[in-house]
Amino acid sequence: MKLLAPSILSADFSHLSQQIRLTEMGGADIIHCDIMDGSFVPNISFGPIVVEAVKRVTKLPLDVHLMIKNPEKFIEPFAKAGANYISVHQEEVTHLNRTIMMIKDFDVKAGVVLNPSTPVSTLTEILEFVDYVLIMSVNPGFGGQKFIASTLNKIRQLNHIRSEKKLDFKIEIDGGVDKSNIQIISEAGCDIFVAGSSVFNKDNVTAATIELKNLL
Ligand code: DX5
Ligand code: ZN
């Protein structure tokens, strides 16, 4: 099952509920919420108040990607705001096992994220505990950047480890995903596809969503 997760970072925030509705009409599976603190990444986005508002306008699961310092402090507010998935960066969390368990204690799917330059080998000890691994295919902080093609190998490696060790975590990709590369990413073994500008920076958001879904 391949799932498309539009990232609202690139949406028109003055019409957020309409924008989400347009992706629902195109068959979006998950809504991806990018949380940035201006410290872990060089940009600020939004917090639990907006996630809670998004929750009220959609029945789709919410995937909260924490690009913040000390993410463990904010798991509870995002879980209470209605997150169904929460991911934290490997690069930022000291006690990753504890933080992953904390997310799961809220009955939320727990994910770990790797920046483009962080190798898959850093996850050896955590893979059996996570529900998903998010591979960044751009340096986090902004929408609309170019896909870093070498990250495809990380998807292949994870897919290989997953079958070899008979694990069942999902693999998610985030950054620069569009109609030109979504199929090759899928063939590498990816399950969840985040797409921001290739969905929302289009005249017809529903048609763009349908086009990406049809390629999966
Ligand atoms: C980047 C964010 C992404 C971003 C993707 O830091 O994590 O989710 O919104 O945007 P596109 O698809 O435009 O690269
Ligand atoms: Zn993201």
For the stretch 30-51, give me each residue that is open to solvent by less than 20 Å² (accessible area, probe 1.4 Å) and not in a loop (DSSP other than H, G, I, E, B). I31, H32, C33, D34, I35, M36, V51
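Take the residues of the stretch 138-161 that are more than 8 Å from ligand 1 (Cβ to nearest atom) and part of a loop (DSSP other than H, G, I, E, B): which is farthest from V112 (Cα to Cα)?
Step one: filter the stretch 138-161 for residues more than 8 Å from ligand 1 (Cβ to nearest atom), giving 146, 148-161.
From what's left, part of a loop (DSSP other than H, G, I, E, B): 146, 148.
Numbers: K146: 22, I148: 19 Å.
Out of the qualifying residues, it is K146.
Residues are listed down the side, and each one gets a yes or a no for (1) at pLDDT 95 or above; (2) within 15 Å of ligand 2 (Cβ to nearest atom); (3) in a strand (DSSP E or B):
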| position | (1), (2), (3) |
| --- | --- |
| V112 | yes, yes, yes |
| P116 | yes, yes, no |
| S121 | yes, no, no |
| F129 | yes, no, no |
| V133 | yes, yes, yes |
Within the group V177, V194, V199, which residue is assigned to a strand (DSSP E or B) and modelled with pLDDT of 95 or more? V194
How many residues are over 15 Å from V41 (Cα atoms) and either open to solvent by less than 60 Å² (accessible area, probe 1.4 Å) or among the hydroxyl-bearing types (S, T, Y) (or both) if we restrict to the stretch 103-121? 8
Inside the stretch 48-95, can you point out the residues that are small (G, A, S) and out of contact with any Gly (no Cβ under 7 Å at 6 or more places or on another chain)? A53, A79, A81, G82, A83
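The values are calculated or read from the model by the stated rules, or taken from the named source; none is laboratory data. None of the values given here were measured: they were computed from a predicted structure. No Cβ is skipped: glycine too gets one built from the backbone with ideal geometry, and neighbour counts run over all protein chains shown. These accessible areas exclude ligands, DNA and RNA; they are computed on the full protein's heavy atoms, side chains included. Shrake-Rupley method; radii C 1.70, N 1.55, O 1.52, S 1.80 Å.
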